[in-house]
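Working notes for the structure below.
The values are calculated or read from the model by the stated rules, or taken from the named source; none is laboratory data. Every value quoted in this text rests on a predicted model; they were computed, and no experiment measured them. Neighbour counts are summed over all protein chains in view; Cβ atoms, including those assigned to glycine, are modelled from backbone coordinates with ideal geometry. Side chains included, ligands, DNA and RNA excluded: accessible areas come from the protein's heavy atoms. Shrake-Rupley method; radii C 1.70, N 1.55, O 1.52, S 1.80 Å.
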Amino acid sequence: MASLKVGNVGEYLRDQRRSAQLSLRQLAEAAGVSNPYLSQIERGLRKPSAEILQQLAKALRISAETLYVQAGILDARDRDELEVPAAILTDPSINERQKQVLIQIYESFRKENAAAGESRAAEDLAQDVAEAEAGGREASAAVREETGK
């Protein structure tokens, strides 16, 4: 069979499986896919569907979105938003409850900073408008002074 070399998703899955200390057979069973099919995905011979990636992510306890980026299903621009939660989810030294709390805290910080950024942008815009209006008044006064009106 000719290799399709589908992105890095297969290589990434293999690394995640090894980090989780799972055999190919164990992961295939946990994800509900066949052992040969998973092997083909890891070797880049098959392109898994979003549903299969979701099953694999669940079995590996990692973010499905991270796998979607690796597979080219999600845009890599969104990768920064996904890397921290993915790292948290793969950390074997903390339990599931701690992982979820950390992700919630991270997301709340991101939302808070985004709102603060929007507020700063609105303030900057208001200041720019005020400066433009003041500049317009000065220009208008200068024209009146020049023309004597």
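At-a-glance table
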| item | result |
| --- | --- |
| Cα convex hull volume per residue for the stretch 21-78 (Å³) | 77 |
| Surface accessible to a 1.4 Å probe, per residue, for the residues of the stretch 15-60, Å² | 57 |
| Globularity ratio of the chain, using Cα Rg and 2.2 N^0.38 Å | 1.78 |
| Summed side-chain charge close to A57 - residues other than A57 whose Cβ falls under 13 Å, Lys, Arg +1, Asp, Glu -1 | +1 |
| Carbon and sulfur %, accessible surface of the chain computed with the full protein complex present, 1.4 Å | 50 |
